[in-house]
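The values are calculated or read from the model by the stated rules, or taken from the named source; none is laboratory data. If you're wondering where the values come from, they're calculated on a predicted model, not measured in any experiment. Cβ sites come from the backbone with ideal geometry, for glycine too, and all protein chains shown count toward neighbours.
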DNA sequence: TGACCGCAAATGTGATCACAAAATGGCCAG
DNA sequence: CTGGCCATTTTGTGATCACATTTGCGGTCA
């Protein structure tokens with residue numbers, strides 16, 4: 001991904017690119033990106049006007065974007081209308097991984113026939129970058145690349161049924177990604193990636209599917225361990241709206 | 001479901017109940033209902049102001065509701081912003097059923113332990129109504145009851161992961177439901193329901209799961225046949241906005 | 001007769017406003 | 001110092017407005 005987000009240190013990004021696109025889509029993309037790479041903490045509250053100011057638009061496109069994310073359950077609208085990132089308990093996290101383990105191998109299987117040599121090489125390149133990111137301890141980069149790796153495969157399925165379903169799951173899980181990062185280290189998780197790449201190169205659908213399944217199941221174990229310690233993930237206080245400093 | 005929609009003959013319903021709830025939610029529910037029971041044709045266009053007038057609200061809550069549905073891909077926003085019900089080709093319909101066959105049996109399996117005697121009796125009652133609806137040839141009632149049957153089970157899974165995913169799939173598939181209705185007749189499709197009920201009564205998770213799987217697969221075959229004749233389902237003209245008669 | 005062009009109506013988008021409900025923070029009583 | 005109460009501020013909701021774009025129709029010309 002060459003058009004990386006502006007990524008100001010504190011997360012504020014006022015000039016989100018592509019002026020030709022609707023403000024709503026830009027806001028949506030900005031929020032999705034933040035959620036996917038876990039830049040927003042579970043339970044974190046946000047406000048229409050706050051986001052609008054932060055992104056340099058009026059509250060209107062934000063409202064629409066929020067509704068979209070809320071429909072995917074990537075955001076939670078309290079009965080009083082307050083917006084926040086959902087807190088998932090251990091059971092729901094398990095269910096997300098369960099659903100992922102059902103959908104993603106199938107998507108990979110559908111994708112396999114459409115993965116050409118270029119795509120396989122791209123996967124290898126991403127995976128190399130992943131290794132580098134792990135060595136450097138660059139969490140965000142790792143999370144972003146891991147997402148890229150998986151969706152570079154799934155996108156090849158050309159399925160606008162499986163792809164959105166899987167995206168929704170990643171979106172909901174994103175805020176908890178950082179929780180497991182500490183567990184990753186240089187364990188065998190990348191080996192599944194290597195195995196997936198090998199299968200992709202040879203167009204072996206079932207083998208690719210199986211590699212993906214194992215990758216997810218390994219993630220499930222890591223999560224389970226992480227949750228054993230820190231139960232009720234992010235179950236702290238209300239974790240309200242992060243106030244913005246006056247300009 | 002006792003609070004059935006007003007259901008004026010031509011589909012217009014101005015006073016959608018529950019004044020205590022936000023207009024947005026009422027609009028969303030009205031549209032979801034219409035989509036689920038296939039009251040809106042694939043390819044049908046709609047307008048913000050049109051829906052607003054039809055539902056007796058300002059365009060504002062409609063805008064938000066539309067964004068939510070669009071995020072679920074239950075509605076399609078053309079690049080120029082036009083709103084319409086997506087047209088799904090044969091392949092996408094197959095993928096939806098494929099995804100359903102992966103998710104719904106699992107949801108049923110999760111639900112099984114929580115299905116008590118009351119629930120099982122409710123299922124039997126719904127299935128009886130389904131039989132009656134089929135005999136009467138009441139399409140809408142059949143579609144609504146079939147939806148109720150499945151979700152009476154899935155809801156017991158208490159999974160706000162699987163449930164929304166499955167709902168999205170039904171929502172996208174809803175507009176094509178009528179297409180297959182003609183094929184249903186009094187074939188063995190209900191037998192899977194009966195089998196599911198028997199499993200539900202005894203709390204047999206795997207058996208319930210299998211019955212659901214078979215039910216979906218039988219639906220898949222019916223769809224496949226229906227599509228063999230009428231390919232590119234609803235591939236006619238632009239099928240624009242249905243104009244409302246002046247009041 | 002048919003294609004092309006141009007105008008008028010309609011549509012989505014974004015912004016702003018008013019309002020009721022809710023949350024926040026400070027104040028006072030115990 | 002603590003707990004509850006009240007006023008202020010904040011927040012989402014719904015409505016309305018202005019505008020650029022697009023759509024659709026009707027007329028014109030070949």
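Tabulated values for the structure
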| item | result |
| --- | --- |
| Output for the stretch A:29-57, where each listed residue is within 15 Å of DNA strand D (Cβ to nearest atom), touching a residue at least 24 places away in the same chain (Cβ under 8 Å) and away from chain B (no Cβ under 13 Å) | A:40, A:43, A:44, A:45, A:46, A:47, A:50, A:51, A:53, A:54, A:55, A:57 |
| Any hit, the stretch B:62-84, residues being more than 8 Å from every other protein chain (Cβ to nearest Cβ), assigned to a helix (DSSP H, G or I) and without any contact (Cβ under 8 Å) to a residue 12 or more places away in the chain | no |
| Given (1) within 16 Å of DNA strand D (Cβ to nearest atom); (2) at positive phi, number of the condition residue B:73 does not satisfy | (1) |
| Which listed residue is crowded, with 18+ Cβ neighbours inside 10 Å, outside any helix (DSSP H, G or I) and either facing chain A (nearest Cβ under 8 Å) or in contact (Cβ under 8 Å) with a residue 12 or more places away in the chain (or both), from B:106, B:87 | B:87 |
| The listed residue being touching a helix residue (DSSP H, G or I) at 6+ places or on another chain (Cβ under 8 Å) and under 23 Å from residue B:181 (Cα atoms), out of B:100, B:125 | B:100 |
| Residue under evaluation residue B:94, criteria (1) within 14 Å of chain A (Cβ to nearest Cβ); (2) surrounded by 16 or more Cβ atoms within 10 Å (Cβ to Cβ); (3) at pLDDT below 95; (4) over 20 Å from residue B:165 (Cα atoms), criterion not met | (4) |
| Wholly enclosed helices (runs of 4 or more DSSP H) of the stretch A:116-177 bearing at least 2 residues within 14 Å of chain B (Cβ to nearest Cβ) | A:162-173 |
| The stretch A:18-61 - residue that is in contact with a strand residue (DSSP E or B) (Cβ under 8 Å, 6 or more places away or on another chain) and assigned to a helix (DSSP H, G or I) and, of those, nearest to DNA strand C (Cβ to nearest atom) | A:48 |
